[in-house]
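We did not get these values from a lab; they are worked out from the coordinates using the rules stated. Everything numeric in this text was worked out from a predicted model, so none of it was measured. Cβ atoms come from the backbone with ideal geometry, glycine included; neighbour counts cover every protein chain shown.
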Amino acid sequence: MHFLVPGLLAWLLFRPVWKGAWMIMLASMLVDADHLLSTPIFSAGRCSIGFHPLHTGWAMLVYGIMLLVPRPWVRMLAVGLLFHMLTDFIDCLWMFSKCAGCCQHSSVQWVCGFFR
Ligand SMILES: [Zn+2]
């Protein structure tokens with residue numbers, strides 16, 4: 001999922017240079033380096049969306065603006081980053097479906113209503 005779907009997106013959006021686009025989008029996975037800034041680095045019941053500095057609404061706004069920058073590699077990176085946010089968000093929803101209490105402690109409490 002985390003490797004193949006960016007490849008598909010790269011192929012759909014940046015076909016002439018899709019291999020390069022795929023590499024850049026995989027590099028966007030480095031955004032998870034911000035997890036290293038938090039303690040504990042990994043926590044089972046924690047949703048990374050809204051918690052880590054590069055996973056907040058403000059960061060996503062920046063990624064959205066990056067889509068408008070007329071430089072292909074900036075756009076590729078932005079698509080990769082936004083896709084990363086989406087997969088992290090899906091991970092959170094998956095976790096909440098098993099642990100409704102986890103949702104109450106997360107930064108995306110607006111989705112909690114679906115898991116009661
Ligand atoms: Zn992440």
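Over region 15-75, the ratio between the Cα radius of gyration and 2.2 N^0.38 Å evaluates to 1.34. Here is the list for region 1-90: chymotrypsin sites (Phe, Trp or Tyr not before Pro) lying in DSSP coil, each with at most 16 other C-beta atoms within 10 angstrom of its C-beta, are 3, 42.
Helix 4-13: angle to the longest alpha-carbon principal axis of the chain, degrees 0 to 90, nearest 10? For 4-13 against the chain, the angle is about 50 degrees. Cβ crowding within 10 Å, taken as a proxy for footprinting-reagent exposure, orders 67, 9 from fewest neighbours to most as 67, 9.
Here the chain is treated as a Stokes sphere of Kirkwood radius computed over C-alpha pairs; at 20 °C and 1.002 mPa s its diffusion coefficient rounds to 143 µm²/s. Evaluated with a Cβ-only charge set (Lys, Arg +1; Asp, Glu -1), the chain carries a dipole of roughly 240 debye about its Cα centre, given to the nearest 20.
Against the chain, whose longest principal axis is taken from its Cα atoms, helix 57-66 shows a tilt of about 10°. Highest GNM mean-square fluctuation among 61, 77, 93, for the chain modelled with Cα contacts below 10 Å: 61.
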